[in-house]
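A.B. asks: Questions regarding the structure given below will be posed in turn.
None of the figures in this text is laboratory data; all of them are computed from the coordinates on show. Owing to the predicted nature of the structure, the values given are computational and were not obtained by experimental measurement. Using ideal geometry, Cβ is built from the backbone for each residue, glycine included, and neighbour counts are taken over all protein chains shown.
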Amino acid sequence: MIVCVAYFCFSLQSAFVEYFCLTDSHEIGASCHGLKCGETTVVVDSGLHPKMTGYEAMPPHDQLDGQNVQSIVLTHSHLDHVGTIPVLQGRFPQSRVYMTAPTHDLADAMLHNSVNVMTSQSNELDIQEYPLFTHDMVEECASKWVARGYNRKFDVDGDVQIKFQDAGHIMGSCTATVFHEGKKVLFTGDVQTEDQTLIKGADIWKEGDYDAIVMETTRGASPRPEGFTRQGEEERLAKAICAGLEAGGAILIPVFAMGKTQEVLTMINQFKAVGMVPDVPVHVGGLSTKMTTIYDRHATRTRRKAPRFKILRDMKLKVARKGRSTPLEPRAGEIYCLSSGMMSEKTVSNLFARQFIDKPQNALLFVGYADPDSPAGKIRAASSGDMIELDSNGTKVALECAVDVFDFSGHAPREDILEIAIGSGAKKIFLTHGDTDAREWFREELSKAMPNSEIIVPESGEAYEI
Ligand SMILES: [Zn+2]
Ligand SMILES: [Zn+2]
């Protein structure tokens, strides 16, 4: 009898799974999640808040104090998911960090770039705690990273298995399913279900019976416009490029260095191949060039529509050299895909805009998200003739060029995510990575569709038993 009780207690203890959210804000903040599996804790992502600086931009890692963190998972290489990974590794130096091979290379490059950005912010904005880590620390951390492929369960510490599946968001992105003692918990990371121009849509959701899903809700507040198709949007972009070229101007497409740059370049290549856009020079610059090199390196080993297509080799791009003494100047009849996507201060697209947006023959085409407070957000909200403040020194330029906005999101439409969540049969669904109204839409819809499941907007600092 004594033996039975002891066994029963042991079983209860080892099957114990608890989720806790380490993201402090109800928006797209610094992604970070914990899953306590018996005696060990798996951490999924450790990002940097895109709109905050200093310690405020970090997840509350101190909530992990006293826990046995041996395994860390990175879903993809955007900074809101990996931006504080060296700090977390510093706290748990024995831990191993698992990710896909493309994420390994992209995250490494992103973190080195982040050291440079934080160092200049430290000097200019007097942020004492920046940089949060150094180039040497990134190198040391990356030496402990372990690459794993899609669709194969692998063992990590403490009787825990993990499986990655392709999330279709950017190259190397994955969802992560964590298995422990019969329990199964899915972390979606950022996910795109539909094919993009280069990267294929997510390759997941073939199995149900999840105990819990921790899911992104990015587009929860955005219904898809009637009749929207990606192909239609691509055709609209091709027409806008042609219109700008015919007006005798240049085209500026501000792009995020990783993901959006490579998607847009692939689109332009296809437009040219079928004569939708004339064969004019295309320029890239900033961090985009480095990221495109990594995309090309993994071309044949990742799920994409054109595996043999190598962007830098096949498009004969004009690459703006790093460290040039004078800013790149717009030339009529040419296309410029420059980072950053939000035209943030000191980036190539921001410096370029100073001599670009005041010319009525030019066309400025936005292809991704822009925070309303960023220079790109201000331009999108402005009217023709308005003075645009491009930096904190008060540089103002009149907006005279044509402006248009296109939807090439790397996030799945909300209806697709809803369907996935319902199909999963999960007993608990945690709504993360979205603004309050986006989470609220999912909470309402899922509560109606899954009356026997708990739909939870997790609070930082709370633990939820699975
Ligand atoms: Zn992302
Ligand atoms: Zn994200």
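A.B. asks: Stretched out fully, how many nm does the piece from Thr293 to Val146 gain, at 0.36 nm a residue minus the Cα gap?
C.D. replies: Full-extension gain reported as 50.8 nm.
A.B. asks: Set Lys and Arg Cβ to +1 and Asp and Glu Cβ to -1, take the dipole of the stretch 246-335 about its Cα centre, and tell me which of Thr261, Ala299, Val282 lies farthest positive.
C.D. replies: Sorting the options by dipole projection puts first Ala299.
A.B. asks: Fully extended, how many nm does the chain gain between Arg313 and Asp407 (0.36 nm per residue separation, minus their Cα-Cα distance)?
C.D. replies: Result for the pair: 31.1 nm of gain on full extension.
A.B. asks: Shifting gears a bit: What net charge do the residues around Glu233 carry, taking every other residue with its C-beta under 14 Å from that of Glu233, with Lys and Arg at +1 and Asp and Glu at -1?
C.D. replies: Net local charge, Glu233 excluded: -3.
A.B. asks: Counting Lys +1, Arg +1, Asp -1, Glu -1, what net charge surrounds Thr436 among other residues with beta carbon under 11 Å of its beta carbon?
C.D. replies: My count for the surroundings of Thr436 gives -2.
A.B. asks: Further, regarding this structure: From a point 7 Å beyond the Cα of Glu27 in the direction of its Cβ, which residues of the stretch 417-438 have a backbone N at a distance under 12 Å?
C.D. replies: Residues 434-437 fall inside that zone.
A.B. asks: GluC sites (Glu not before Pro) within the stretch 218-285: which are DSSP loop residues with at most 15 other Cβ atoms inside 10 Å?
C.D. replies: Glu226
A.B. asks: Using the charge dipole of the chain (Lys, Arg: +1 at Cβ; Asp, Glu: -1 at Cβ; taken about the Cα centre), state which of Tyr55, Val43, Leu106 has its Cα farthest towards the positive end.
C.D. replies: With unit charges placed on the Cβ atoms, the residue in question is Leu106.
A.B. asks: If I take R0 = 30 Å and measure r between the Cβ atoms of Asp435 and Glu194 in this structure, what FRET efficiency does the formula 1/(1 + (r/R0)^6) give, to the nearest 0.05?
C.D. replies: Between Asp435 and Glu194 the formula returns 0.90.
A.B. asks: Now for a separate question. If R0 is 35 Å, what FRET efficiency do you get for Ala306 and Ser120 from their C-beta distance, rounded to 0.05?
C.D. replies: The calculated FRET efficiency here is 0.45.
A.B. asks: Could I ask something else about it? Express in nm, to one decimal, how much length is gained between Glu235 and Ala332 on full extension, taking 0.36 nm for each residue of separation and deducting their alpha carbon distance.
C.D. replies: Separation in residues times 0.36 nm, less the Cα-Cα distance, equals 32.7 nm.
A.B. asks: Compute the distance from the alpha-carbon center of the stretch 23-69 to that of the stretch 157-174, in whole Å.
C.D. replies: 18
A.B. asks: Rounding to the nearest 20 debye, state how big the charge dipole of the chain is about its Cα centre with +1 on each Lys and Arg Cβ and -1 on each Asp and Glu Cβ.
C.D. replies: Once rounded to the nearest 20, the dipole reads 1900 debye.
A.B. asks: What does the convex hull of the Cα atoms of the stretch 230-405 come to per residue, in Å³, rounded to a whole number?
C.D. replies: Here the figure is 111 Å³ per residue.
A.B. asks: Within the stretch 249-404, how many Lys pairs that are eight or more residues apart, or on different chains, come under 18 Å at the alpha-carbon?
C.D. replies: Going through the stretch 249-404 pair by pair, I get 20.
A.B. asks: Compute, for the stretch 145-253, the length of the dipole vector about the Cα centre, with Cβ point charges of +1 (Lys, Arg) and -1 (Asp, Glu) only. Units Debye, rounded to 20.
C.D. replies: Its charge dipole is roughly 100 debye.
A.B. asks: Within 12 Å, Cβ to Cβ, of Lys183, how many net charges do the neighbouring residues add up to if Lys/Arg are +1 and Asp/Glu are -1?
C.D. replies: -2
A.B. asks: Once you put a point 7 Å from the Cα of Thr134 and another 7 Å from the Cα of Asp373, both along the Cβ direction, what distance in nm separates them?
C.D. replies: 3.1
A.B. asks: Rounded to the nearest 0.05, what FRET efficiency do Ala247 and Thr395 have when you use their Cβ-Cβ distance and R0 = 41 Å?
C.D. replies: About 0.95, to the nearest 0.05.
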